[in-house]
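Note sheet for the following structure.
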Amino acid sequence: MEKLPFVTKEKAEEIAAQFPTPFHLYDERGIRENAAKLKEAFAWNKGYKEFFAVKATPNPFLINILREYGCGCDCSSKTELMLSKAIGAVGEDIMFSSNDTPLEEFKYCNDLGGIINLDDITHIEAVEKACGKLPRKMSCRYNPGGMFKITNDIMDNPGDAKYGMTTEQLFEAFRIMKSKGVEEFGLHAFLCSNTVTNEYYPLLAKVLFDVAVQLKNELGVKISFINLSGGVGIPYRPEQEPNDILKIGAGVHKVYDEVLTANGMGDVAIYTELGRFMMGPYGCLVTKAIHEKQIYKDYIGVDASAVDLIRPAMYGAYHHITVMGQPGGADKTTAPVADTYDITGNLCENNDKFAIDRELPHIDMGDLLVIHDTGAHGYSMGYNYNGRLRSAEVLLRPDGSAELIRRAERPGDYFATLDVLPCGRELLAKSRAESARRRAQDERLAVAAQWNKRIQIADAKEKNMDIRNLEGSIVALVTPFKKDGSVDFDALERLIDFHLQNGTDAILTLGTTGESATMTDDEDNSVVAAVVKQVAGRVPVIAGSGSNSTQTMLTKSLTYQGLGADGLLLITPYYNKANEEGIYQHFKTVADAVDIPCILYNIPGRCGCGISERNVERLAAHPNIMGIKEASGNVAYAAKIAHLLSDDFRMYSGEDALTVPLMSLGASGTISVWADVQPQLVHDMCRAYLDGDVARARDIQIAGQPLINALFSEVNPIPVKEALAQMGMIEANYRMPLCPMADVTRATLTDALKGAGLLD
């Protein structure tokens with residue numbers, strides 16, 4: 001048959017522009033049509049179920065598509081069991097077929113309620129030991145030995161396979177399990193791999209059906225299901241014809257009636273485990289020609305390697321290749337052959353070849369190539385030899401859109417398990433920061449298009465938004481939580497939109513008010529990414545990356561920079577405090593490493609130490625330090641450092657009650673808790689002062705004092721989150737040790753909100 005890609009050249013170009021090659025591409029339409037046809041083929045059997053072989057394509061998004069058609073999961077390891085559990089496949093949606101199995105995996109499967117399929121008779125004792133007793137329903141894998149033939153062709157040699165029990169062991173295993181209380185039994189066998197014939201399943205079924213009748217007659221066991229396993233293959237080569245699953249289903253049906261129904265076993269369920277058949281033809285590896293070499297042969301080097309598809313290197317397997325052509329150039333999909341090539345990857349192994357002496361259309365550098373039939377045992381068999389990183393997985397939707405369902409590996413993934421070593425931790429931090437930077441920049445560009453901010457964000461990709469001239473109201477944004485303690489990202493987005501609609505000049509996330517002290521690194525990163533995405537370049541985003549550990553603050557700072565933050569807020573080293581030189585080096589270490597402006601955070605009441613006037617002077621001279629958030633509550637201190645203020649070094653009030661007084665000393669605005677509830681008013685106050693209307697600014701400051709006092713009647717951010725909850729913006733949920741307000745202070749806060757016109 002003619003082998004053509006399921007994706008057109010035009011569509012492949014479009015996807016490659018969005019997701020750099022190489023990547024595995026999956027055809028959702030094809031997967032769905034095939035799953036529906038399989039279901040139709042075995043609709044005659046009331047208990048029929050396909051257990052998709054997770055090992056073939058362990059992507060939860062794809063497996064969930066199959067689950068829509070009633071498929072379960074065939075698992076072979078604890079990790080595969082965990083993946084299945086994560087997508088809701090538990091109980092008898094799991095078939096666990098493993099060999100040389102650790103005891104903990106038997107227990108884990110049993111705890112999930114999955115069906116354990118024993119590979120060896122000794123595993124009976126192992127399951128009993130692991131689980132306390134045998135489950136009421138179990139299965140055994142059968143290996144009849146000898147040669148397996150179809151007509152006169154030897155298909156495989158089960159006797160050489162490590163899987164399954166002999167006939168004698170099988171009967172003994174069923175006898176033992178029955179004596180130990182097992183009530184229902186299943187039978188399983190795997191005799192051949194990748195058969196391209198409609199005869200395999202019916203012949204295998206006949207073998208298993210006959211054994212099942214024997215087991216019933218000799219041992220009196222109840223055979224609940226017979227699992228035909230996998231082995232139904234796909235036509236990798238153009239000269240092969242695909243299996244007809246409807247004919248296969250009909251063939252099994254015929255044998256079922258002849259053997260099982262005839263012996264009073266017409267209620268036995270039929271199970272299958274068709275990994276390759278379900279996914280293989282509906283995946284391909286899209287790669288690009290990047291190098292041509294002519295020595296004794298003609299070689300075309302592509303940007304994929306055996307890391308992405310090992311089957312040709314491991315088995316000498318054939319995968320058809322279609323040359324698509326240049327982006328914007330002629331479509332070579334059906335072009336005649338013109339040259340003979342070896343198609344190679346870049347591993348330091350001579351078997352890293354996708355094709356040898358393959359006749360193909362002429363290939364030019366930059367041509368896209370599609371390597372067919374990688375949907376099963378393609379990505380899943382990848383590895384990291386030479387430090388090469390595995391590619392992304394992308395889903396082609398029926399409407400023509402493309403969705404990323406697994407990102408490409410990054411250096412941080414490769415270095416992750418070296419975190420036991422100091423150099424490993426350093427590599428990990430650097431690689432994660434760099435990856436986050438690239439990812440966030442691309443994300444910002446995409447989001448910016450929605451807001452018609454293409455030029456601004458494109459500039460920000462090369463150099464982050466310059467916030468050195470920032471003035472006005474910077475909100476110290478709360479982090480909203482759900483009742484279960486998780487971050488409420490929907491509420492976070494609503495808060496951001498509220499501020500952008502009401503004059504807030506910049507957004508600070510993960511400050512004191514943001515409760516970052518009780519959040520995990522992953523949560524922190526997710527919040528920064530979400531804020532950057534939602535803001536979309538409309539105002540600067542400042543991220544609080546402070547820590548009592550300088551190394552931790554450095555890692556956080558690099559990460560947040562990578563996630564697209566425009567500036568950083570750096571706190572003094574609380575708890576350990578440090579001496580004057582230590583505090584200086586604490587800030588300098590980060591400022592030396594990052595490429596975005598930093599704001600010092602002086603809040604001795606929380607940290608137990610402050611930034612000396614001398615250190616402020618030294619740090620103000622650093623090109624990456626643009627200002628200080630002064631939250632000591634000490635106007636005299638602010639007056640002492642006021643002489644350092646300039647266009648290159650600014651002060652921001654960190655005390656809402658002192659914003660106007662500090663602006664009289666030269667402060668450029670405020671980093672405000674008050675702004676969480678009255679963003680427009682705080683912006684107007686700052687703007688009035690900056691525009692010379694001191695009287696209006698003073699009036700707003702004085703009029704706002706009752707609400708400010710109420711917002712700090714208990715430790716921040718308890719009152720401000722309660723205020724936002726009363727205003728209907730968020731739920732008043734906190735991370736311990738913070739907890740809800742006392743009744744008396746809550747009542748005072750409510751009165752202040754009413755007085756400010758925020759509540760009826």
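Some observations on this one:
- Placing +1 on each Lys and Arg Cβ and -1 on each Asp and Glu Cβ, with no other charges, gives the chain a dipole about its Cα centre of roughly 660 debye.
- Quotient of C-alpha Rg and 2.2 N^0.38 Å, computed over the range 464-755: 0.92
- 5 Å binning of all Cα-Cα separations within the range 281-407, expressed as whole percents from 0 upward: 2, 10, 21, 24, 21, 14, 6, 1, 0, 0
- The order of Ile363, Ile474, going from fewest to most other C-beta atoms within 10 Å of their C-beta, is Ile363, Ile474.
- Listed pairs Lys85/Lys162; Lys482/Lys754; Lys3/Lys37; Lys78/Lys162; Lys9/Lys37; Lys640/Lys721 exceeding 23 Å between Cα atoms: Lys85/Lys162; Lys482/Lys754; Lys9/Lys37; Lys640/Lys721
- Those trypsin sites (Lys or Arg not before Pro) in the range 348-418 that DSSP places in a loop and that have at most 16 other beta carbons within 10 Å: Arg407
- Net length gained if the chain between Val744 and Gln680 were fully extended (0.36 nm per residue, minus Cα distance): 20.2 nm
- For the range 588-745, average projected area of the Cα convex hull in nm²: 10.8
- Ellipticity estimate at 222 nm from DSSP helix runs (n ≥ 4, -39,500 (n - 2.57)) divided over the chain, nearest 500: -11500 deg cm²/dmol
- Length added when fully stretched, Thr518-Ala416, from 0.36 nm per residue minus Cα-Cα: 34.3 nm
- DSSP-assigned coil residues among chymotrypsin sites (Phe, Trp or Tyr not before Pro) in the range 228-328, each with at most 11 further Cβ atoms within 10 Å: Tyr296
- As a proxy for reagent exposure, Phe171, Phe185, Phe96 were ordered by neighbouring Cβ count within 10 angstrom, fewest first; the result is Phe171, Phe185, Phe96.
- Cα-based values for the range 662-706, radius of gyration first and Dmax second, are 9.7, 26 Å.
- Helix 422-450 vs. the chain, principal-axis angle (Cα, 0 to 90°, nearest 10): 80
- Label-to-label distance for Asp648 and Arg606 is 2.9 nm, based on points extended 7 Å past Cα in the beta-carbon direction.
- With a Förster radius of 22 Å applied to the C-beta separation of Ala317 and Tyr385, the computed FRET efficiency comes to 0.80.
- Rg to Rh, two decimals, where the range 238-297 supplies the alpha carbon set and Rh follows Kirkwood: 1.34
- Computed E for Glu349/Ala725 - FRET, C-beta separation, R0 56 angstrom, nearest 0.05: 0.40
- Degrees, to the nearest 10: 550-562 long Cα axis against longest axis of the chain: 70
- Cα-based convex hull, the chain, per residue volume (Å³, whole number): 205
- Longest stretch of the chain clear of exposed loop sites (GluC sites (Glu not before Pro), DSSP loop, at most 16 other Cβ atoms within 10 Å, sites excluded): 350-730.
- Approximate spin-label separation Glu258-Lys222, in nm, with each point projected 7 Å along Cα-to-Cβ: 2.9
- Enclosing the Cα atoms of the range 16-89 in their convex hull gives a volume equal to 110 cubic angstrom per residue.
- Using R0 = 35 Å, the C-beta based FRET efficiency linking Ile295 and Thr334 works out to 0.70.
- Using only side-chain charges placed at the Cβ, +1 for Lys and Arg and -1 for Asp and Glu, the dipole size of the range 90-273 relative to its Cα centre rounds to 420 debye.
- Note on the chain: antiparallel DSSP beta bridges, both residues inside, total approximately 30 percent of the bridges counted.
- Size of the range 637-718: Rg and Dmax of its alpha carbons, in Å, are 12.6, 36.
Every read-out reported here was derived from the displayed coordinates using simple, explicitly stated rules and does not represent laboratory data. All values reported here derive from a predicted model rather than from experimental measurement. Backbone-built Cβ (ideal geometry, glycine too); neighbour counts: all protein chains shown.
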